[in-house]
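The values are calculated or read from the model by the stated rules, or taken from the named source; none is laboratory data. This structure is a prediction, so every number in the text was calculated from the model and none was measured. Neighbour counts run over all protein chains shown; Cβ positions are idealised from the backbone, glycine included. Note: areas computed on protein heavy atoms with side chains; ligands, DNA, RNA excluded. Shrake-Rupley method; radii C 1.70, N 1.55, O 1.52, S 1.80 Å.
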Amino acid sequence: MHPNPIFHTEDAQRNLAYARERAFGVLAVNAPDGPHISHIPFLLSEDGRTAELHLVRSNPIARALKTPLRCKIAVSGPDSYISPDWYEVLDQVPTWNYVAVHLSGELTLQPQDNMHDLLDRQSAFFEDQLLPKPPWLTRKMTPDVLHKMMRQIVPCRLDVTGVDGTWKLSQNKPDDVRMRAADGVDAYGIGTDPRVLAALMRGVSGAK
């Protein structure tokens with residue numbers, strides 16, 4: 001996360017809301033041979049206290065979950081390279097603007113009997129965003145095939161104890177300078193969802 005506090009002004013509720021809507025992130029835990037990392041979808045509870053997810057049984061993180069593990073989930077949002085030329089101000093340097101939220105806490109393995117319910121709720125969360133397409137449901141699968149597939153994955157829960165977010169949107173620049181940078185991102189941005197990032201840049205207040 002960027003150390004400048006000007007990029008950490010969003011409150012916990014907005015950070016949680018962003019993570020809940022994005023519902024996909026990078027799970028990282030420490031291990032003797034270095035960090036273990038997995039890219040995972042998750043469900044964040046309405047109160048932001050728990051995140052539910054599943055892992056393939058052969059995943060090193062799943063194998064290590066004989067005891068609870070301290071971990072983080074990093075949730076990335078839109079990002080873009082920022083060219084100094086867009087500022088139209090002298091003596092500027094390149095940078096990268098982005099949105100990211102980190103959820104910290106303790107990860108535990110859950111009873112295998114929870115797996116079917118979790119799979120139903122996770123798929124429903126994403127399928128609802130595809131309406132009016134008829135939603136995919138687990139009952140569409142052959143029961144024996146579904147049972148065999150669910151045996152290969154394990155349900156997990158993160159008890160969230162910390163939330164932090166970086167919303168690096170050129171808040172350290174005057175409004176007119178930031179708006180020109182946002183226009184550059186909108187037109188030429190290099191990164192992920194640059195137009196979304198440009199809209200966020202236009203919605204914050206800059207330095208005076």
Among the residues of the range 26-47, are any modelled with pLDDT of 95 or more, out of contact with any helix residue (DSSP H, G or I) (no Cβ under 6 Å at 6 or more places or on another chain) and of a type in the set (D, E, K, R)?
yes
Of the residues in the range 189-201, those that are open to solvent by 30 Å² or more (accessible area, probe 1.4 Å) and not in a helix (DSSP H, G or I) come to Ile190, Gly191, Thr192, Asp193
Output the residues belonging to the range 137-155 that are free of Cβ contacts under 8 Å to residues at least 24 places away in the same chain, surrounded by 10 or more Cβ atoms within 10 Å (Cβ to Cβ) and β-branched (Val, Ile, Thr).
Thr138
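Any idea which of Gln110, Gln122, Gln92 is open to solvent by less than 80 Å² (accessible area, probe 1.4 Å) and out of contact with any helix residue (DSSP H, G or I) (no Cβ under 9 Å at 6 or more places or on another chain)?
On the way: Gln110 fails: out of contact with any helix residue (DSSP H, G or I) (no Cβ under 9 Å at 6 or more places or on another chain); Gln92 fails: out of contact with any helix residue (DSSP H, G or I) (no Cβ under 9 Å at 6 or more places or on another chain).
Exactly one residue qualifies, and that residue is Gln122.
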The lone condition Val204 fails out of (1) surrounded by fewer than 19 Cβ atoms within 10 Å (Cβ to Cβ); (2) out of contact with any Leu (no Cβ under 6 Å at 6 or more places or on another chain); (3) at pLDDT below 95; (4) farther than 30 Å from Leu65 by Cβ is (2)
Among the residues of the range 168-188, write down those that are open to solvent by less than 50 Å² (accessible area, probe 1.4 Å), at negative phi and not in a helix (DSSP H, G or I).
Lys168, Leu169, Gln171, Lys173
